[in-house]
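J.: Shown below is the structure under consideration.
Values in this text are rule-based calculations from the coordinates and carry no lab data. These numbers were taken from a predicted model, which means no experiment stands behind them. Because the Cβ atoms are built from the backbone with ideal geometry, glycine has one as well, and the counts that use them run over all protein chains shown.
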Amino acid sequence: MEAEVDLDHAQFGRSTEGLVNVGQQASALAQAFVEDVKSYGQPWGTNNALGQTIGMCYETALGLIEECTRSNLDDYHGYPQGLQFMTAQYQSAEAESASAIDSVRV
């Protein structure tokens with residue numbers, strides 16, 4: 001049974017660049033969403049108990065959305081570095097394997 005794994009290191013590099021671009025776009029979209037939501041102001045008003053209650057719920061929900069989005073994007077921004085590390089490890093393993101195979105050839 002013969003199995004060969006062919007890794008395209010250049011493709012890993014392009015994928016890393018793509019992840020960086022997607023991360024930047026996602027950050028920009030998340031920021032635009034929050035700014036858009038905040039631009040609506042307080043259409044429910046603040047002059048009665050219902051308006052005040054809605055306002056408190058709104059602020060809490062928006063805060064949770066911002067925190068969750070920021071946390072997810074922070075994690076996502078680490079993916080390109082991980083892919084670069086993985087690529088370097090693959091290249092190193094390939095070089096070591098080739099060296100080991102060459103050393104036993106007669």
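J.: With the dipole of the chain worked out from charges on the C-beta (+1 for Lys and Arg, -1 for Asp and Glu) around the Cα centre, which of 51, 88, 21 lies farthest toward the positive end?
T.: Farthest towards the positive end: 51.
J.: Counting other C-beta atoms within 10 Å, and keeping those with at most 11, which DSSP coil chymotrypsin sites (Phe, Trp or Tyr not before Pro) do you find in region 8-55?
T.: 40
J.: Over the Cα atoms of region 27-90, each weighted equally, I'd like the Debye log10 I(q)/I(0) at q = 0.16, 0.23, 0.26 Å⁻¹, rounded to two decimals.
T.: -0.66, -0.95, -1.05
J.: If you don't mind, another one. Treating only the Cβ of Lys, Arg, Asp and Glu as charged (+1, +1, -1, -1), what charge dipole size does region 27-90 show about its Cα centre? Round to the nearest 20 debye.
T.: Details: 2 positive and 7 negative charges, 8 e Å.
Roughly 40 debye, rounded to the nearest 20.
J.: In whole angstrom, how far apart do the alpha carbon centroids of region 84-106 and region 22-47 sit?
T.: For region 84-106 versus region 22-47, the Cα centre distance is 49 Å.
J.: Counting only helical runs of four or more DSSP H residues, what would the 222 nm mean residue ellipticity of the chain come to if each run contributes -39,500 (n - 2.57) and the total is spread over all its residues?
T.: Working: 3 runs with 86 residues, N = 106.
Estimated from H runs of four or more residues: -29000 deg cm²/dmol.
J.: Also, I was wondering about something else. Counting only the backbone N, which residues of region 33-48 are under 19 Å from the spot 7 Å out from the Cα of residue 54 toward its beta-carbon?
T.: 36-48
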